[in-house]
Amino acid sequence: MNVTVTFLPSGRSVSVRAGTTVLDAARRAGVSIRTRCDGKAACLMCKVVADSSSGLSPLSDNERYKLAGMDRSGTRLSCQARVVGHTVVEVPEDPLRAAVRRQLMRQAEEDELW
Ligand code: FES
């Protein structure tokens, strides 16, 4: 059975087999999710956010342990969460890219003052 995963904020969607990890679905959709351990649940860089009623597999004990203390509900490790139904997943902005974007906005504001 195929299911559709939509990634925000890009809005890209992909149809994948049920049981595919969110990380693999993102790669097929051409959506970039940061990873250093390539899916071994070690780096914790692949976090995404999904509604609790989404079509993702329940948290495994390992994923729950790794995400302990995260303050944002709905946070999942894309390398561990599997797609079991149609779902929408939010991919947070890369922190480095966000820092560069903020700095460029600050610079633009300062340029306007002069
Ligand atoms: S890819 Fe490293 S924890 Fe998911």
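The values are calculated or read from the model by the stated rules, or taken from the named source; none is laboratory data. Since this is a predicted model, take the numbers as computed values, not measurements. Heads up, the Cβs are rebuilt from the backbone with ideal geometry, glycines too, and the neighbour counts pull from every protein chain shown. With ligands, DNA and RNA removed, areas are computed over all heavy atoms of the protein, side chains included. Shrake-Rupley method; radii C 1.70, N 1.55, O 1.52, S 1.80 Å.
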List the residues, sorted by chain then number, that are 5 or more residues from His86 or on another chain and whose placed amide H is less than 5 Å from its amide H. Thr4
Can you say what percent of the DSSP beta bridges in the chain, counting only those with both residues inside, are antiparallel? Round to 5. 75 percent
What are the ³J(HN,Hα) values, in whole Hz, obtained from phi via the Karplus relation 6.51 cos²θ - 1.76 cosθ + 1.60 with θ = phi - 60°, for each residue of the stretch 10-23 in sequence order, with x given for Gly and Pro? 5, x, 6, 10, 8, 9, 9, 6, 4, x, 5, 6, 4, 4
Considering only protein heavy atoms, with the full assembly of protein chains and a 1.4 angstrom probe, order Glu112, Glu90, Glu63 by accessible area, largest first. Glu112, Glu90, Glu63
Note down the magnitude of the dipole of the chain about its Cα centre, charges +1 on Lys and Arg C-beta and -1 on Asp and Glu C-beta and zero elsewhere, to the nearest 20 debye. 520 debye
Rg to Rh ratio, the stretch 2-113, alpha-carbon atoms and Kirkwood radius? 1.06
MRE, 222 nm, helices only [DSSP H, n ≥ 4, -39500 (n - 2.57), over the chain, to nearest 500]: -9000 deg cm²/dmol
Could you go through the stretch 61-66 in sequence order and give the Karplus-derived ³J(HN,Hα) for each residue, using 6.51 cos²θ - 1.76 cosθ + 1.60 with θ = phi - 60°, rounded to whole Hz, and x for Gly and Pro? 4, 5, 5, 4, 4, 5
